[in-house]
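The values are calculated or read from the model by the stated rules, or taken from the named source; none is laboratory data. From a predicted model like this one, the values you see are computed outputs, not experimental measurements. Glycine gets a Cβ as well: all are built from the backbone with ideal geometry, and neighbour counts include every protein chain shown. Heads up: the accessible areas ignore ligands, DNA and RNA and are worked out on the full protein's heavy atoms, side chains in. Shrake-Rupley method; radii C 1.70, N 1.55, O 1.52, S 1.80 Å.
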Amino acid sequence: MIIVKSREEIELMRESALIVSKTLGMIASEIKEGVTTLYLDKLAETFIRDHGAEPSFLGLYGFPNSLCMSPNSQVVHGIPNNKPLESGDVISVDCGAFKNGYHGDHAYSFEIGEVAPETKKLLQVTKESLYVGIRELRLGNRVEDVGNAIQKYTESHGYGVVRELVGHGLGQKMHEDPEMPNYGKKGRGKLFVEGMVVAIEPMINMGTRNIKQHKDGWTITTADGKPSAHFEHDVAIIDGKPEILSTFGYIYKALEIVSTEEDEFRQTPLVL
């Protein structure tokens, strides 16, 4: 059952989402060659708590850390460790924060040093597909309209769309209805309603769509060992249209990137 949020609840969720956004912006300033993911995880936990929130992932279903950090062929759910990052790595950083009774949850895939052009393209197309999908989150559409748009866009570039892992509804629980797959057929799935909030998160592989889970019970990698990319936003339906509650703006500020990609999904400009 889709849990509809009031405007007041959506604003509380925006606050939680923006704590995640600020955390990822802080990570963007710290993530580089030679740094360990465990070090970044500790920074994130402290940052989230200093902003009056709790790390959503820490202890969730038994997960041991505050960030899911998934480099290169890892798709999602990577556990932070003491292995230093290397130039050429790409890494998905997925973060959650719980404040005022609601979760924020989104992710960004970072480049470390000099990254291969074909891997850069994977990240670019995956991020573009996120917005292609968000455009379909509007009244009159259904769940698989979003997935179909993401699937068509990424498969047109020759990439594999992960089937076993999906986006999700978001609210007082980290995972609510509906599931939001990144594939599907137009016109299928639950009908979108005013006030729903979802996390849309394309997980796209350079090669095969097939994945495997490791013995730690968490880490998911591509079956062929090729890189994967992952981007995620929290999005509400307000006045029938998609409104992004999270932002990559803090990341872009740290990395000195100029972007207007989110502007069409905001009723009022976001002030960082």
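Keeping all protein chains in place, calculate the accessible area per residue for the chain (probe 1.4 angstrom), answer in Å². Please list the in-between numbers first.
Working: 11520 Å² over 272 residues.
I get 42 Å² per residue for the chain.
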Worksheet item: Each residue of the stretch 185-195 in order: what ³J(HN,Hα) in whole Hz does its phi give by Karplus 6.51 cos²θ - 1.76 cosθ + 1.60, θ = phi - 60°, with x for Gly and Pro?
Response: 10, 4, x, 10, x, 5, 6, 6, 10, 4, x
Item to complete: Have a look at MET1, SER70, GLY34 and report the one farthest towards the positive end of the charge dipole of the chain, computed about the Cα centre with Cβ charges (Lys/Arg +1, Asp/Glu -1).
Response: MET1
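Can you give the net charge of the other residues whose Cβ lies under 11 Å from the Cβ of ARG142, counting K and R as +1 and D and E as -1? Mind dumping the intermediate values first?
Working: positive: ARG138, LYS185, LYS186, ARG188, LYS190; negative: GLU136, GLU144, ASP145.
Net of charged neighbours comes to +2.
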Worksheet item: Which entries of LYS127/LYS212; LYS173/LYS226; LYS32/LYS121 show an alpha-carbon separation above 26 angstrom in the structure shown?
Response: LYS173/LYS226
Item to complete: Please find, in a Gaussian network model of the chain (springs between Cα atoms separated by less than 10 Å), the residue of VAL235, VAL161, VAL125 whose mean-square fluctuation is greatest.
Response: VAL125
Worksheet entry | Calculated FRET value between LEU270 and ASN81, using beta carbons and R₀ = 35 Å, to 0.05 | 0.55
Response to the item:
Under the 7 Å Cα-to-Cβ spin-label approximation, ASP177 and GLU164 lie apart by a distance in nanometres of 2.6 nm
Practice prompt. Whole Å is fine, so just give me how far the alpha carbon centre of the stretch 56-81 lies from that of the stretch 83-126.
Written response: 12 Å
Worksheet item: Which percent of the accessible area of the stretch 7-265 is formed by carbon and sulfur heavy atoms (probe 1.4 angstrom)?
Response: 48 percent
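Quickly estimate the mean residue ellipticity at 222 nm for the chain, helices only: each DSSP H run with n ≥ 4 gives -39500 (n - 2.57), and the total goes over all residues, rounded to 500. Working shown, then result.
Details: 5 runs with 76 residues, N = 272.
Roughly -9000 deg cm²/dmol at 222 nm, from the helical runs in the chain.
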Worksheet item: Around THR36, which amide H atoms from residues at least 5 apart in sequence, or from another chain, sit under 5 Å from its own amide H, with H modelled in the peptide plane?
Response: LEU85
Fill in: HN-Hα J in Hz across the stretch 251-258 - Karplus 6.51, -1.76, 1.60, θ = phi - 60°, x for Gly and Pro
5, 5, 4, 5, 9, 6, 9, 9
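Averaging the inverse of every distinct alpha carbon separation and then flipping it gives the Kirkwood radius. What is it for the chain, in angstrom units? Show your work: numbers first, answer last.
Values: mean 1/r = 0.0547 Å⁻¹.
Result for the chain, one decimal place: 18.3 Å.
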Worksheet item: Cβ under 12 Å from ILE244's Cβ, ILE244 left aside: what net charge do those residues give with Lys, Arg +1 and Asp, Glu -1?
Response: -3
Discussion item. Let's see if you can work this out: charge +1 on each Lys and Arg Cβ, -1 on each Asp and Glu Cβ, no other charges. What is the dipole magnitude of the chain about its Cα centre, in debye to the nearest 20?
Written reply: 580 debye
Worksheet item: What is the sum of charges around LYS190, taking Lys and Arg as +1, Asp and Glu as -1, for the other residues whose C-beta is under 10 Å from the C-beta of LYS190?
Response: -1
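What FRET efficiency comes out for GLU30 versus ALA116 if R0 is 25 angstrom and r is the Cβ-Cβ distance? Round to the nearest 0.05. Don't jump to the answer; show the numbers that get you there.
Numbers: r = 23 Å, r/R0 = 0.92.
E(calc), rounded to 0.05, equals 0.60.
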Worksheet entry | Residues whose placed amide H lies under 5 Å from that of SER92, excluding near-sequence neighbours | SER70, ASN72, PHE110
Fill in: LYS186 accessible area, 1.4 Å probe, all protein chains in place, Å² to nearest 10
140 Å²
Fill in: Relative contact order computed over the chain (Cα-Cα under 8 Å; 6+ residues apart), in percent
23 percent
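Suppose we take every Cα in the stretch 112-217 and form the convex hull; what volume per residue is that in Å³? Display every interim value, and only then the final one.
Details: hull volume 13.9 nm³, N = 106.
In the stretch 112-217, the Cα hull volume divided by residue count equals 131 Å³.
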